[in-house]
Amino acid sequence: MPRKIMIPVLTLMLALPAAAQQAADAVDPEIAVALPGAFAGLSEAAADAWATREAGQPVEAERWMVAVQNPLAAEAGARVLRAGGNAADAMVAVQAMLGLVEPQSSGLGGGAFLVWYDAETGEVTTLDGRETAPLAATPRLFQDADGAPLPFWDAVMGGLAVGTPGTPALMEEAHRRWGRANWAGLFDDAITIAEEGFAVSPRLAGQIAGDADRLTRFDATAAYFYPDGEALAEGDIRINPDYAETLHALARDGASAFYRGPIAEDIVVAVRGAEGAPGLLSLEDMARYRVIERPAVCTDYRGHEVCGMGPPSSGAITVAQILGKLAHFDIDAMDPQAPETWRLIGDATRLAFADRGRYIADSDFVPVPVGGLTDPDYLVMRAGLLRREDALPEVPVGEPEWDHARLQASDTDPERPATSHISIVDAEGNALSMTTTIESGFGARLFVRGFLLNNELTDFSFRSHADGWPIANRVEPGKRPRSSMAPTVVLRDGAPVLVTGSPGGAPIIVYTATHILAHLDWGMDVQAAADMPQLVNAFGTYILEEDTWAADLADPLEAMGFDVSIGPRPSGVQAISIMDGRLFGAADRRREGIALGE
Ligand code: GLY
């Protein structure tokens with residue numbers, strides 16, 4: 001039987017500040033909450049954390065906090081932190097567990113970006129563990145014989161879009177730099193649960209059922225997710241001995257066990273042998289994989305320093321552009337539910353996405369004007385375009401200052417949502433924000449050694465040129481596809497005050513920017529800011545979250561000239577704020593996460 005936790009409604013209503021109450025009202029007001037049956041065996045702390053988030057409240061703690069998208073993964077991280085491990089140690093345990101219990105979103109077969117705030121030095125470091133195009137890839141990877149882009153799902157399924165995974169190397173590199181717990185022990189929980197079995201969560205079960213045709217196309221994938229031809233259902237106990245064996249190898253020999261030898265060989269065989277859709281990945285690609293430290297992109301927002309991941313992610317630059325334009329308006333005095341507020345945010349976002357499509361890609365391959373795109377004078381100029389009463393009739397790409405001359409065309413490919421986010425603050429005050437992915441839900445649908453392989457290369461532009469100009473984010477051998485992942489640490493006076501990020505494809509940028517804005521400008525606590533309805537306008541259509549007050553803005557926004565549609569907006573903000581020495585954790589109620597702390 002699922003546990004039921006009762007929270008007195010009145011107490012909660014009185015405890016919420018006005019803005020937070022407004023946001024909490026926007027989502028399901030049910031206060032008597034059952035921990036889903038699939039998580040019934042978890043600790044009292046996990047059950048309490050679930051109840052707290054369902055009540056629209058942040059979880060509070062004094063020493064450490066971990067906020068992730070699955071309760072088992074949160075518990076794995078909490079155990080490490082409780083035992084004196086730090087945020088880098090906890091991340092390894094969390095990621096190992098996510099790859100087992102939330103395999104559709106992230107795992108060893110994918111890639112990730114990590115932002116680290118170091119309490120001792122006060123420095124922010126960003127690590128790029130993004131998947132990488134095989135050396136045999138060409139700009140025509142996703143084009144047919146006539147140069148026309150392939151249909152999206154033809155590119156996703158099978159080997160073609162599999163890039164060299166980066167997550168195992170990133171786990172090891174973060175642990176090598178900052179970790180202090182014994183590496184091998186960090187895999188213990190995930191190994192035990194892989195061997196003994198975990199209960200399939202409601203979200204995983206729903207996604208398996210909704211992906212039947214694709215998940216049953218390749219035998220190994222079908223055998224895992226559709227044993228005996230039947231979809232795994234919520235609450236089914238799934239063992240994954242192959243994953244346990246893979247983790248044993250990683251625990252024993254480090255990431256080299258993944259990039260060389262039998263695991264790498266099986267990955268390459270699966271990719272190159274994918275029936276009807278062979279890919280290009282080679283043993284050399286695997287052996288050459290490296291995590292890259294990139295300069296953190298840190299920009300000012302109303303006295304805060306917002307730090308995140310630079311190219312090949314577009315996350316930090318685009319978040320900085322959105323906030324940098326809005327900084328010229330009195331957003332803090334504006335009503336969070338007013339159409340005028342969302343006119344400004346929506347068009348600030350559209351302008352930022354226009355620049356993103358033209359200029360941002362892997363900076364090891366194309367010059368990216370990071371300084372020009374985030375320059376305050378440039379953003380003042382772009383903000384000037386927003387001084388009007390209706391929607392922008394057109395969304396021009398800007399002309400930021402360049403240190404290179406370059407003519408390129410815009411990439412207009414959308415990206416599809418999947419992905420997971422991890423936020424951790426440890427007892428020493430280190431903060432870690434990591435967004436991790438295998439790209440689309442269940443990635444390339446190739447299952448090897450107990451985990452799924454990514455389809456990250458579909459984050460490249462399928463077109464290599466437009467109007468005679470090259471597209472910055474075209475496929476090239478050894479290049480990393482542009483990402484929207486936006487792991488973020490916000491600092492004030494050099495110390496972190498907010499650790500945040502979200503899954504969700506290109507809207508990740510909007511989910512992250514508006515989470516920061518709702519917390520800093522509208523004073524919402526982290527949970528209320530995560531619960532706030534999502535309104536996303538990246539590419540022209542303003543998508544308003546269904547069944548929330550956002551949908552009520554459809555008519556006024558349409559009257560201003562926006563194309564509007566109403567639909568689901570599955571953000572997954574996992575965040576921690578730090579105020580007066582206390583930690584406040586949030587887990588987006590649209591997914592299955594919790595925040596745990598002590
Ligand atoms: N594949 C999701 C992203 O990197 O943005």
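The values are calculated or read from the model by the stated rules, or taken from the named source; none is laboratory data. Small disclaimer: the values here were computed from a predicted structure and weren't measured. Here the Cβ positions follow ideal geometry from the backbone for every residue, glycine too, while neighbour counts run over all protein chains shown. In case anyone asks, the SASA skips ligands and DNA or RNA and just uses the protein heavy atoms, side chains included. Shrake-Rupley method; radii C 1.70, N 1.55, O 1.52, S 1.80 Å.
For the reader, a short list of remarks on this structure follows.
- Taking other residues whose beta carbon is less than 12 angstrom from the beta carbon of ASP219, and scoring Lys, Arg as +1 and Asp, Glu as -1, yields +1.
- Here the range 144-230 is treated with +1 on each Lys and Arg Cβ and -1 on each Asp and Glu Cβ, and its dipole about the Cα centre works out to around 460 debye.
- In this structure the amide hydrogen of VAL448, modeled in the peptide plane, comes within under 5 Å of the amide hydrogens of LEU453, none closer than 5 places in sequence on its chain.
- Amide H to amide H, with H built 1.01 Å from N, TYR301 comes under 5 Å of VAL306, counting only residues 5 or more places away or on other chains.
- For the range 130-145, putting each phi into the Karplus relation 6.51 cos²θ - 1.76 cosθ + 1.60 with θ = phi - 60° gives couplings of 6, 5, 10, 5, x, 5, 8, 6, 10, x, 9, 3, 10, 10, 7, 4 Hz, in residue order, rounded to whole numbers and with x for Gly and Pro.
- Euclidean distance between Cα centres, the range 241-259 to the range 363-406, Å: 45 Å
- Whole-percent carbon and sulfur share, accessible surface of the chain, 1.4 Å: 50 percent
- Anisotropy class of the range 375-503 from Cα gyration tensor, a/c 1.5 cut: oblate
- Solvent-accessible ranking of CYS307, CYS298, largest area first, probe 1.4 Å: CYS298, CYS307
- Cα-centre dipole for the chain with unit charges at Cβ (Lys and Arg positive, Asp and Glu negative), debye to 20: 840 debye
- Dipole of the chain, positive end: most advanced residue of ALA472, VAL395, PHE353 [Cβ charges, Cα centre]: ALA472
- Net charge of Cβ neighbours under 15 Å - reference ASP242; Lys, Arg +1; Asp, Glu -1: -4
- Couplings 3J(HN,Hα) of the range 333-350, computed from phi: 8, 8, 6, x, 10, 8, x, 4, 4, 7, 4, 4, 5, x, 7, 4, 5, 4 Hz, in residue order, whole Hz [Karplus 6.51 cos²θ - 1.76 cosθ + 1.60, θ = phi - 60°; x for Gly and Pro].
- Rounded if a/c under 1.5, otherwise prolate or oblate - the range 184-260, Cα gyration tensor axes: prolate
- Proximal charge balance of ALA205 [Cβ under 15 Å; K/R count +1, D/E count -1]: -3
- Helical mean residue ellipticity (222 nm; -39500 (n - 2.57) per DSSP H run of 4+; nearest 500) of the chain: -10000 deg cm²/dmol
- For the chain: rounded, prolate or oblate by the Cα gyration tensor [a/c cutoff 1.5]: rounded
- Rounded to whole Hz, the Karplus (6.51, -1.76, 1.60) HN-Hα couplings of the range 473-480, x for glycine and proline: 8, 6, 5, 8, x, x, 8, 10
- Amide proton proximity set for GLU546, modelled H, under 5 Å, gap of 5+: GLY567, ARG569
- Projecting label points 7 angstrom from Cα along Cα→Cβ for GLU598 and TRP469 puts them 5.6 nm apart.
- Accessible-area rank, largest first, for MET579, MET309: MET579, MET309, with all protein chains present and a 1.4 angstrom probe.
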